[in-house]
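Visitor: The structure under discussion is supplied below as C-alpha cells; questions concerning it will follow.
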Amino acid sequence: MKRRPSSALNRKTFSALAHRLGRKLPAPVKKIVRNMRPTVSAPAQVPVPAPKPTLSVIIPVYNVEDYVSETLDSLLNQSLNDWEAIIVNDGSTDSSLSILEKYAKLDSRFKVITQNNAGLGGARNTGINKAQGDFLTFLDADDIIPSEAYSIAIKTLRKTNSDFAIGGVQRLKHGSTYTPPWTKTVHETQRLSTCISEYPDMMMDIVACNRIFRTQFWDQQIGQFPVGVAYEDHRVMATALIRAKSIDILSQTTYIWRVRDDNTSISQQKAELENLTDRIGAKRETYDILRNEAPASVIDAWLTRVLDTDIPVFSNFALNASEEYKTHAQSFANDYVALAPTSAWDNVRWEQRVKTLLMAAGRWQSLGKFIADLRVNPKAPQTQISGSTVHIDTEKWTVPLTDILQGRTALGVRQTPQYARVYSTSWTSEGLLMKGFAYTSYITPTLDDKLAAFLENERTGHRFNLITHTTLDEENRANRFANHEGHDYRNSGMTILLGWQTIGAVSVSSDFNSADAWRIELQRTTGSVRRASRVDTTIRNGSGSVFVHKPIEHSNVSVTPYRDSSSLAIRFKKDAARLIEFSVNSLIASGKVSAVDPAGRIPKAIYYKAEGIRYDSELRSLGESNETTPASYGFNGLSLPRNEGHRLRVEFTDGSSNAITWSLGDPEYRLYNSAALTRSPFGFVDIDTNNQRYFAIGAQFESGSQVTFTLENTAPCLDSFEACLISAEGIVQATSSIHMDSSKTLPTVSFNIDILSQSGAALKGDLTLMINGVVVVPSLELSATFPISGISNFYRVDLVRGSGAAGRPLRLRVQPPLNDLEQGAWNQKRLRHWYSVTEFKPEKAVLFQCYRGETASDNQFEIFNELKRRQPEIRCYWGVTDGSVEIPDDAERLIIGSQEWYQKLGSVEYLCNNIDFDRFFTRRGHQKFLQTFHGHPFKAMGKSFWENAGYDRESIDFEIKRRRNAWTTALMPNTESVAYYQDEYSFDGDYLVAGYPRNDSIVTSDPSDARIRIAQRYCLDPTASSWVMYAPTWRESLSTGAWSASMFDELDLGKLGSMLGPEWTILVRGHNHNSRMESRVSRSANIVDVTDYPEINDLILGADVAVLDYSSLRFDWAITEKPVLYFVPDKEEYFDRRPGLFDYDDSAPGAQVTSTEEAAKEILRKDEYHERFGTELDIFNARFNSFSDGRAAERVVESFFSDIL
C-alpha cells in the first residue's frame, strides 16, 4: 500500500517558520503578539486540521460477516489511495462489528459508526452526514470494487467537471460474473459530459453503488435517502439523473454486485409482499418526480425499464403467492401498461413484455405455461419485417401471442441490435484487410444486403469511407457467436479494407492527433431495415487478437489496430525515430536509427533507463536524407546489463526525447544471445536481457495424443530446463524436457495430452505452457493460425493465444473430444433439433450413463456387469464426457454431445441412467428407460424441492410431466421409498423394488483388496495406518455453477490430522459437485484427496471409520456396520434450505458432532461404536437395507431386461 505524504507541518518546522516571520513584523505588531502569549509554562498545541480525503465511501453494514472482509479488501486494493470509508454498523447481530473494528485498527481510513438498526437508507444517511470527501460514493458490504474503479471515475470527473460518473456493473453469482442486459445497453460506449435528455436510455441504470458523485452536487440536489423501505435508491438515483447538468457514462466495469448464495439480501426477497409493495411505492414516487421535472423522452425510457425489469421480475413469485400478493402485482402491472405509450414498448424484451401483459390481465395460468415453455423453447423470437420495422411473429410460438401482445409486437433498435465482429486482420498490398461478420439480431441476412463502413475519429467525429463487401460466413462464426436457434446468419460475412489512400488522408488531416482513437462503424441494410454499430473483435484468444503494428514506408506515420474496453480501434501516430537495424555482441548493442521526426529535430543519442541508471550511446549521422529515404544515424556501444525489459528512446539535440518505433519487419521480436528485442502493442521497442524469453514459432499434433512446440529463446542452454503445463489454479498438470534434435536447429518440447490432472480427474480448462517459470508466448505468425485444434483419445485441445501481465501466453484449451460440427452451444442446439425431428431405427442395445458422464460407476456399473454375464452378445454403449473416463472393456464409448451420442440416445431400446437426461430428451415409443437414481431418497426432491425453490405450479407440473414421460421403470432401494416417489413425482409407471446394485460389492467384495487398490493409486501403505473417510455432501450456498460447488471446509483437516496423529490417514471424498473444482484439498502426509477415485465402494470397504453428514452415503456405509460419526455444524441451516422427507436423527446411527475437536474424540472412540450405537444401527439396516444382500443386480437384470435374456 502506498503511504500518503502528510500535508501537516511538523512542530519544529512550524516554529522556525513562525520565528522568521515574526522578525519581519512591525514593532507595534510584535508588541501585540508578545502580549498575547499564554501564561502557562508549556506552549499551547495549535490543532492542524486533517487533510480532506478525495473520496468518501459510505458502507452500510448489517449481518454480512461472510462477505464484508472481501468487500473491505477490495477497497484496500484500490489504486486511488486518498479515500475515507465511513462504515455504518446498522445494528448487526453477527460478528460483522468485530471484523470492522479489526480493519479500523489496521488502517485509519476506515471509520466505524455503530447505530441501532435503521435500514439501508438510514445507514446511508448517517454516512452521508459524516462524509468529508470532495466526491461521494456508496458501497454495499457484500459487493466488490475493481481495483481501478475509483481512480478511473475520479480522473474522468476531474477532466470533464461533470456532476457524477456511472460505471458498468457485473453480477457475481456462484463465483462467476455476468453482465446484466441494462449494463450492456447503457455502458456499451463511453459517453462523457452528457445528460439524460441527450441519452434517455441511461434511465435503465438506476443502481446506487456504481456512481461517483461530486459531494457538492449531492448536497445541493439530492440530500437524503428514504428510510424504512426497500428500493430506497430508485427514486434518489432517478432524481440525480434528471437534475444533473453533466454526467459521464463509463464503459469500464466499476462495480461487482453480488447475488448472495443464501438469498438474504434485500433485493432477493421478492417473494415477500412487503418487498413488492415497497417496489410499487418506489416506482410511484419516482414517476411523480419524473412527471414534474423530466421531458417526455426520459419518461418513456423510464417506463420501458419498468415494463422490462421492475414488473416482470415479480412474475415467478406471483404465481405461487397469496391472492393479496397477486392483486398488488396485477395492479402494479396494470397501472404502467395504461401509462405506457406504444413507443415505450418497442425496447422491452419480448419475453418480458409477455410476462407484464399477462400479469396485468391476471392470467396466471397462462403466465405459468409461458414461463414453463421458456425453459425448453428457444428465447430467440421469430420475426417479420413490415416496412422498416421488425415485428415478433406471433404465430410461431406455442402460446397464443397475438391475443396477449395486442399489437405491441414491434422490436426496437435495442431489441434487434447489429453485431459486427472482426475475426482476422492482416496487412496486404492494398492496406489493412479485416474479415468478419455483421448481422442484425433475429433477421436473416442475404448476400445482397447493402454494407457501408466508415473510419471515424472518436474525438472529432471526422470520418472516411471504407471499402466493404458481403461474403459467406462458411465456418458459421456468426451462428456460433449469436447462438440463436431458428435463425441462420451464414450470409453475414463481410470484409472491410482500410486502404493506403485513406491512411494517407488521415495523416495529413488538419486535426491529426496521435492520441486519437479511430473506430470503425458498419451499417448493414437488410431489406428496408438498417442497423449500425461499431466493429469489435470476436476471437480474442485466436487470430482475431493478432494486431500487427505497421510503419508506413516513405512516411513518418505508423498504424496500429488494437482493441480497448470498448471496441476495435485504429491508432495513427507520427514517429520521431525508427529502429531499422539492431545487433548484439556480448551484451553490447549496435544498430541504425532513421530520423522521421515531423518537427525536424536532430537525434543525439539512443538510451534507456534501468533501475534509475541511464544507459546510452551517441548517434552519428550516416548521410543526408532525400525524398524517399530519411536521414539515418548509427550507434555502437549501447551496454545491455542484465535486467528486466525497458523501452528504447532517442534523445534529440534540443533535450527532448521520444520512444523509438519498431521498423525491423513483421516479426514482433528479435532474439539474441541472452537478450530479446520486442515490439510493444503500439509499435515501440523494448529491450529485455533477463536471460529468459521463450517464443513458440510452431505447433503440431502428432500421433493423436502428442503435441509438439518448436521454440525460439534467449537462454544460452535449455538442457537443464523443464517445461510444464499449468492450470488456471496454478497447479502443474504435466512436465516435459526440452529436446534438441541434432537434425534441427531449434529446440522442441512435446507433451502427451492423454493424461489425468494431478487430482486424478480429467484435464479441463486452459493450461499455460511455461519453461523454467516463464510463460511461453506464441509468435504472431503462429497466432495467426489459431485456434489450432487436435482431437486425442482423451480430449479436444485448442491452441489459443491468451492474455496476461507477462504477454499473450500460449494456452492449451482442453475440452471434450467433439469435432468442429459438434463443439459449442450453437452446434449443440443444432444437434438437439436434429435429434428432436429425426425418426431413429430401433437398435437392440443399451445406453448406460451416470451423473454428467465423468465416471462409469454407481448402479449402472453393476447392472452392466450382470447383464454382460447373462447376455454377452448384447451391445452396450456408455455415455461419458471424454476419453479419460474408464469404462468396462465390453462397452463402447460415446462422447456426450457428439452426433453419435444423440443418434444412440434416440435409437437404442434400453436406457439406464442415475440422473435425468436434459430437457431436450424425448423417449421414443420403442425405448425403455430405467431410472436408478444415485442415492437413497431422504432430502427434498420433486415437488418438495421445486416448491422450496420457488417454482410455480405450471413449472412443477412441467417437470413432473417430463419425468413421467421419460421413465418407464424406477428402481427402489426398499419398499418404503415407493411412497416418496409417488408423492414427489406422481410417477405411475413400474416401481422395481430390488435394492441398489451398487451395494452388491459392499457385501461380496474383500475389503483388503479394495484397500490395496486405493493404496496403489495414492502411494499409501495399506497396513501402516488406520483410514478415516471424510465425505461431506455439497452445499447450495457454495455452488459455483449448476453442477459444481466448492468443498465444505468447516472441518479443519489439518487440525484433525494433528489430533489423530501419524497412525491415521484421512481420505477426503468430495461430492460429485466438488469433483468439478480443481482446487479442493491439499495433499499432506496424512491427508489424501480421493474425490476422483472412480469407485466409491472401494473407499467404503477400505476405510476403518467414516465422517459423514447428510448425503445418502450413510445408507451405503451402514451395510458394513463399521463406526461412523456425523459432522453437522450447519444442520439447522442445511435443512432450512433442503428439508428431509423423514427425520434425520432416525437415519444417522452414530454420534453427531459440530467441531473438529469433537470429531477427533469420536474417531478415537471407534472401538466403542457398537456398544453405543449397535441397536440403532440394527434398526436402521432393517428399515433401509433389507435388500442389500449382494443380489440386487440379478433382480434388476431379470426384471428390466427379461425380454432379451
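Visitor: For the range 1007-1184, what's the radius of gyration and Dmax over Cα atoms, in angstrom?
Guide: Looking at the range 1007-1184, its Cα Rg and Dmax stand at 15.5, 43 Å.
Visitor: Direction-averaged shadow area of the convex hull around the Cα atoms of the range 946-1079, nm²?
Guide: Its Cα hull, projected and averaged over all orientations, spans 11.7 nm².
Visitor: For the pair GLU618 and PHE945, how long in nm is the line joining their label points, each one 7 Å along Cα→Cβ?
Guide: Taking the simple label geometry, GLU618 and PHE945 are separated by 8.2 nm.
Visitor: Related question: Taking the Cβ-Cβ separation of SER680 and ILE1179 as r and a Förster radius of 56 Å, what is the calculated FRET efficiency to the nearest 0.05?
Guide: Numbers: r = 74 Å, r/R0 = 1.33.
The value I calculate is 0.15.
Visitor: Ok, one more. Consider a paramagnetic label point 7 Å from the Cα of THR428 along Cα→Cβ; state which residues of the range 496-512 have an amide N under 18 Å from it.
Guide: 496-504
Visitor: Another one. Using only helices, what value at 222 nm comes out for the chain when you add -39,500 (n - 2.57) per DSSP H run of length 4 or more and divide by the total residues, to the nearest 500 deg cm²/dmol?
Guide: Only helices count here, giving -8000 deg cm²/dmol.
Visitor: To continue, here is another question. Averaging the inverse of every distinct alpha carbon separation and then flipping it gives the Kirkwood radius. What is it for the range 269-415, in angstrom units?
Guide: 15.8 Å
Visitor: Here is a further query. With point charges of +1 on the Cβ of Lys and Arg and -1 on the Cβ of Asp and Glu, referenced to the Cα centre of the chain, which listed residue (PRO681, ALA1015, VAL313) lies farthest in the positive direction of the dipole?
Guide: Result: PRO681.
Visitor: How far apart, in nanometres, would the label points at ASP990 and ASP820 be if each is projected 7 angstrom from Cα along the Cα-to-Cβ direction?
Guide: 4.6 nm
Visitor: With charges set only on the Cβ (+1 for Lys and Arg, -1 for Asp and Glu), what does the dipole of the range 840-996 come to about its Cα centre, in debye to the nearest 20?
Guide: 460 debye
Visitor: Return ASP473, ASP335 ranked ascending by Cβ neighbour count within 10 Å, so the fewest neighbours appear first.
Guide: On the way: ASP473 25, ASP335 17.
If I rank by nearby Cβ atoms, fewest first, I get ASP335, ASP473.
Visitor: How many nm is it between the label spots at LYS1161 and ILE731, if each spot is 7 Å from the Cα in line with the beta carbon?
Guide: Going by the 7 Å Cα→Cβ label model, 3.5 nm.
Visitor: What whole number of Å gives the distance from the Cα centroid of the range 943-992 to the Cα centroid of the range 1153-1185?
Guide: Here the two parts' Cα centres lie 33 Å apart.
Visitor: Pairs of Cα atoms under 8 Å, at least six residues apart: use those to get the relative contact order of the range 418-572, whole percent.
Guide: So the answer I get is 28 percent.
Visitor: When you have a sec, figure out the Kirkwood radius of the range 576-673 from all distinct Cα pair distances and drop it here in Å to one decimal?
Guide: Over the range 576-673, the inverse of the mean reciprocal pair distance is 13.9 Å.
Visitor: Taking the Cβ-Cβ separation of VAL1003 and SER1058 as r and a Förster radius of 30 Å, what is the calculated FRET efficiency to the nearest 0.05?
Guide: Result of the calculation: an efficiency of 0.25.
Visitor: Right, next: For SER789 and GLN216, calculate 0.36 nm times their separation in residues minus their Cα-Cα distance, and state this gained length in nm to one decimal.
Guide: 200.5 nm
Visitor: Taking a spot 7 Å from the Cα of GLN501 along the direction of its beta carbon, which residues of the range 439-461 have an amide N less than 11 Å from it?
Guide: Hits in the range 439-461 for GLN501 at 11 Å: none.
Visitor: Efficiency by 1/(1 + (r/R0)^6): what FRET value for SER79 and ASP511, r their Cβ-Cβ distance, R0 = 22 Å, to the nearest 0.05?
Guide: For SER79 and ASP511, the calculated efficiency is 0.10.
Visitor: Rounding to the nearest 20 debye, state how big the charge dipole of the range 694-815 is about its Cα centre with +1 on each Lys and Arg Cβ and -1 on each Asp and Glu Cβ. Intermediate results must be reported in sequence, preceding the final value.
Guide: Details: 7 positive and 10 negative charges, 65 e Å.
The dipole of the range 694-815 has a size of about 320 debye.
Visitor: Which residues' amide hydrogens lie under 5 Å from the amide hydrogen of ILE249, considering only partners 5 or more residues apart or on another chain, with H built in the peptide plane?
Guide: Correct list: ILE166, ARG191, LEU192, SER193, THR194.
Visitor: Moving on to the next point. Over the range 418-572, what lengths in whole Å, largest first, do the semi-axes of the equivalent ellipsoid take, defined as the square roots of 5 times the eigenvalues of the alpha-carbon gyration tensor?
Guide: After scaling each eigenvalue by five and taking roots: 28, 16, 13 Å.
Visitor: Now a separate question. Subtracting the Cα-Cα distance from 0.36 nm times the residue separation, let me have the gained length for ARG875 to ALA271 in nm, one decimal.
Guide: Additional length available on full extension: 212.4 nm.
Visitor: Can you give me the angle between helix 11-23 and the longest principal axis of the chain, using Cα atoms only, in degrees from 0 to 90, rounded to the nearest 10?
Guide: The angle comes out at about 20 degrees.
Visitor: Cut-off 14 Å, label point 7 angstrom out along Cα-to-Cβ of ILE697: give me the residues of the range 641-667 whose amide nitrogen falls inside.
Guide: 666-667
Visitor: Expected output is a single nm value to one decimal: the length gained when fully extending between LYS450 and ASP1189, i.e. 0.36 nm times separation in residues minus the C-alpha distance. What is it? Each step should come with its number before you reach the end.
Guide: Details: separation 739, 0.36 × 739 = 266.04 nm, distance 7.39 nm.
Gain on stretching LYS450 to ASP1189: 258.6 nm.
Visitor: Can you give me the long-range amide H partners of GLY760? Hydrogens built in the peptide plane at 1.01 Å from N, cutoff under 5 Å, separation of 5 or more residues or another chain.
Guide: When sequence neighbours closer than 5 places are left aside, there are no close amide H contacts.
Visitor: Now, a different point. Which option, (i) -0.28, -0.45, -1.44; (ii) -0.74, -0.95, -1.21; (iii) -0.28, -0.44, -1.32, is the value of log10 I(q)/I(0) by the Debye sum over Cα atoms at q = 0.04, 0.05, 0.09 Å⁻¹ that was calculated from these coordinates?
Guide: Correct label, based on the coordinates given: (i).
Visitor: Just the C-alpha atoms of the range 840-996: what Rg/Rh do they give, with Rh taken as the Kirkwood radius? Show your work: numbers first, answer last.
Guide: Values: Rg = 15.8 Å, Rh = 16.3 Å.
Dividing the radius of gyration by the Kirkwood radius yields 0.97.
Readers should treat all values here as calculations from the given coordinates under stated rules, not as data from a laboratory. Here the structure is a predicted model, which means the values were calculated and not measured. Cβ coordinates were reconstructed from backbone atoms using ideal geometry, including for glycine residues, and neighbour counts include every protein chain displayed.
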